[in-house]
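A.B. asks: Pasting a structure below so you can have a look.
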Amino acid sequence: MKHLISGVSRFQKEVFPGKQKSFEQLATGQSPEVLFITCADSRIDPNLVTQTEPGELFICRNAGNIVPPHSQQTGGMTASIEFAVAGLGVSHIVICGHTDCGAMKGALAPEKLDELPHVKEWLGHCRCASSVLKEKHGEIDHSHLDLLTQENVIQQLQHLKTHTAVAAKLATGQVQLHGWVYDIGTGDVLCLDEASGEFTDLQSAYAENSKLASNA
């Protein structure tokens, strides 16, 4: 805890003063553009990876970057998605998986999770991704971890579309969905091309956006 406490002290003395005006504005409300759903893994820092400032991302984190399908049973993810989309009016939603994901390792071998019953039940939301891989490749093992990570992002995007607020905004073109996978070891980010179902490098996927930004 010592480094956390000293970190707060450095923030207050060295960082906050230079950003005080921004924080004063944030103190009265937020208007993020992006809902960023990612894993709770301690190695993932959405603001660091995207180089964004406080107030730019509405971040939801859980084991496996999972979005349970919409149901009448309220949960934290359901409420957070509804608030971000219908309350804050985000225009983009990113589901971001990552390499070496412990949740995906658990999804590959659920029989090893008997002593973690809540984790095992939660990862039931990844069952569809595992089933898709088994249909394509037969029996799957650790060698399929990266493929499962990608397939899980695809399936969680499908779950996301079942949420009422998201479905409504998609129907009117007010929100766009994005599937990413972040490579911890290289810093690369792969992006889902929904037309092909394949993941490609982020720069190629958003080349048109980059052109628009450079011409702005």
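A.B. asks: Would you pick out the residues in region 149-174 that are over 16 Å from Gly97 (Cα atoms) and crowded, with 21+ Cβ neighbours inside 10 Å?
C.D. replies: Applying the first criterion (over 16 Å from Gly97 (Cα atoms)) to region 149-174 yields 161-174.
Passing the criteria: His163, Val166.
A.B. asks: Take residues that are in contact (Cβ under 8 Å) with a residue 60 or more places away in the chain and farther than 22 Å from Gly76 by Cβ and tell me which of the strands (runs of 3 or more DSSP E) falling wholly in region 104-204 contain 1 or more.
C.D. replies: Details: elements: 176-182, 189-193, 198-201.
Once the strands (runs of 3 or more DSSP E) in region 104-204 are filtered for at least 1 residues that are in contact (Cβ under 8 Å) with a residue 60 or more places away in the chain and farther than 22 Å from Gly76 by Cβ, what remains is 176-182, 189-193.
A.B. asks: With (1) at pLDDT below 95; (2) farther than 15 Å from Leu108 by Cα; (3) buried (at least 19 other Cβ atoms within 10 Å of the Cβ) as the list, and Leu212 as the residue in question, which single condition is left unmet?
C.D. replies: Condition (3) is where Leu212 drops out.
A.B. asks: Now, a different point. Since His137 meets every condition but one in (1) over 15 Å from the mean Cα position of the chain (by Cα); (2) open to solvent by less than 70 Å² (accessible area, probe 1.4 Å), which condition does it not meet?
C.D. replies: Unmet condition: (2).
A.B. asks: While we're looking at this one, here's another question. Hey, any hits in region 54-75 for a residue that's of a type outside the set (Asp, Glu) and in a helix (DSSP H, G or I)?
C.D. replies: So the first thing to find is which residues in region 54-75 are of a type outside the set (Asp, Glu), and the list is 54-55, 57-75.
Those still in the list that are in a helix (DSSP H, G or I) too: none.
There is no residue in region 54-75 that is of a type outside the set (Asp, Glu) and in a helix (DSSP H, G or I).
A.B. asks: So, one more: Being in contact with a Ser or Thr (Cβ under 7 Å, 6 or more places away or on another chain), farther than 29 Å from Lys19 by Cβ and not in a helix (DSSP H, G or I): is that true of Gly97 here? Reasoning before the result, please.
C.D. replies: On the way: in contact with a Ser or Thr (Cβ under 7 Å, 6 or more places away or on another chain): yes; farther than 29 Å from Lys19 by Cβ: yes; not in a helix (DSSP H, G or I): yes.
Judged against the criteria, Gly97 is a match.
A.B. asks: Of the residues Asp100, Asp45, Asp41, which is among the charged types (D, E, K, R), open to solvent by less than 50 Å² (accessible area, probe 1.4 Å) and at pLDDT 95 or above?
C.D. replies: Result of the check over Asp100, Asp45, Asp41: Asp41.
A.B. asks: Something else: Residue check: is Val85 closer than 20 Å to Leu177 by Cβ and either modelled with pLDDT under 95 or open to solvent by less than 10 Å² (accessible area, probe 1.4 Å) (or both)? First the steps, then the outcome.
C.D. replies: Details: closer than 20 Å to Leu177 by Cβ: yes; either modelled with pLDDT under 95 or open to solvent by less than 10 Å² (accessible area, probe 1.4 Å) (or both): yes.
For Val85, the condition - closer than 20 Å to Leu177 by Cβ and either modelled with pLDDT under 95 or open to solvent by less than 10 Å² (accessible area, probe 1.4 Å) (or both) - is met.
The values are calculated or read from the model by the stated rules, or taken from the named source; none is laboratory data. Worth saying up front: this structure is predicted, and the values here are computed from it rather than measured. Positions of Cβ are backbone-derived with ideal geometry, glycine not excepted, and every protein chain shown enters the neighbour counts. SASA here: full protein model, heavy atoms, side chains in, ligands and nucleic acids out. Shrake-Rupley method; radii C 1.70, N 1.55, O 1.52, S 1.80 Å.
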